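Below is one structure, written out as structure tokens; the observations come after it.
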Amino acid sequence: MNEVIHAIQDDYPDDFAWCYGCGRLNKDGHHFRTGVEDGHTVTIYTPKPEHTALPGFVYGGLIASLIDCHGTGSAAIALHGKNGGVIGGGQEPPRFVTASLQVDFMKPTPHHVPLKAVGTVHEVHPKKFRVETEVFAEGKLCARGEVIAVVMPKTFLSE
């Protein structure tokens, strides 16, 4: 898979499509897209020149953002599927917020190549999911992370 064709973020309603990491309506954002491949969640993203830490290597904050948005998107895919929904099926998927983000950098991540985040989702509670993510560049593991994602409360925006 070289790109994610059907992404859960495409199904988020406009009011919730502004995240800097994965919001399709944020013109300045990353536009991360999370789909499914071989039973795992997948996000593919090629860093831009401004995502440089040192010449030739990706800034760690971008990788953390990738793991964060991949985790919440993965949780949305899991709960959406549990509720009978499919990506692109016309049903509005649940939205998640990050309760915890943990990132381990395994090795420097090369720039100018696509990064592939691969996730495994574990349901912890009906409204809480743990997503383990590995980030690869050119097939080599560069970072590993974990997101605890919780269903966004309906009152989130009114508080």
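The values are calculated or read from the model by the stated rules, or taken from the named source; none is laboratory data. Because the structure is predicted, anything quoted here is derived from the model rather than measured. So basically every Cβ, Gly included, is an ideal-geometry build from the backbone, and we count neighbours across all protein chains shown. We work out accessible area using only protein heavy atoms, side chains counted, and drop any ligands, DNA or RNA first. Shrake-Rupley method; radii C 1.70, N 1.55, O 1.52, S 1.80 Å.
Calculate, for the chain, the solvent-accessible area per residue in square angstrom, rolling a 1.4 angstrom probe over the heavy atoms of the protein chains.
On the way: 8340 Å² over 159 residues.
I get 52 Å² per residue for the chain.
Where the eigenvalues come from the Cα gyration tensor of the range 1-88, what are the semi-axes √(5λ) of the equivalent ellipsoid, largest first, in whole Å?
24, 15, 10
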Task: Cβ-based charge dipole, the range 3-159, positive-most Cα from V151, Y45, H6 - done: V151
Task: Part-to-part distance (alpha-carbon centres) for the range 1-67 and the range 71-88, which is given in Å - done: 17
- [ ] Might you work out the accessible area of E3 for me, using a 1.4 Å probe with all protein chains in place, and round it to the nearest 10 Å²?
- [x] 120
Task: Full-stretch length increase - E50, I5 - with 0.36 nm per residue and alpha-carbon distance subtracted - done: 13.7 nm
TODO: Quote the FRET efficiency, to the nearest 0.05, computed for D38 versus K154 with a Förster distance R0 of 41 Å and r equal to the Cβ-Cβ distance.
DONE: 0.75
- [ ] Working from Cα positions, state the angle (0 to 90°, nearest 10) between the long axis of helix 60-82 and the longest principal axis of the chain.
- [x] 30
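Taking the Cα centre of the chain as the origin, how large is its charge dipole in debye, to the nearest 20, when only Lys and Arg (+1) and Asp and Glu (-1) carry charge on their Cβ atoms?
180
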Open item on the list: In 10 Å bins starting at zero, report the fraction of Cα pairs in the chain per bin as a rounded %.
Closed with: 12, 43, 34, 10, 1
Task: Of G73, H31, V131, farthest towards positive along the dipole that unit charges on Lys, Arg, Asp, Glu beta carbons give the chain - done: V131
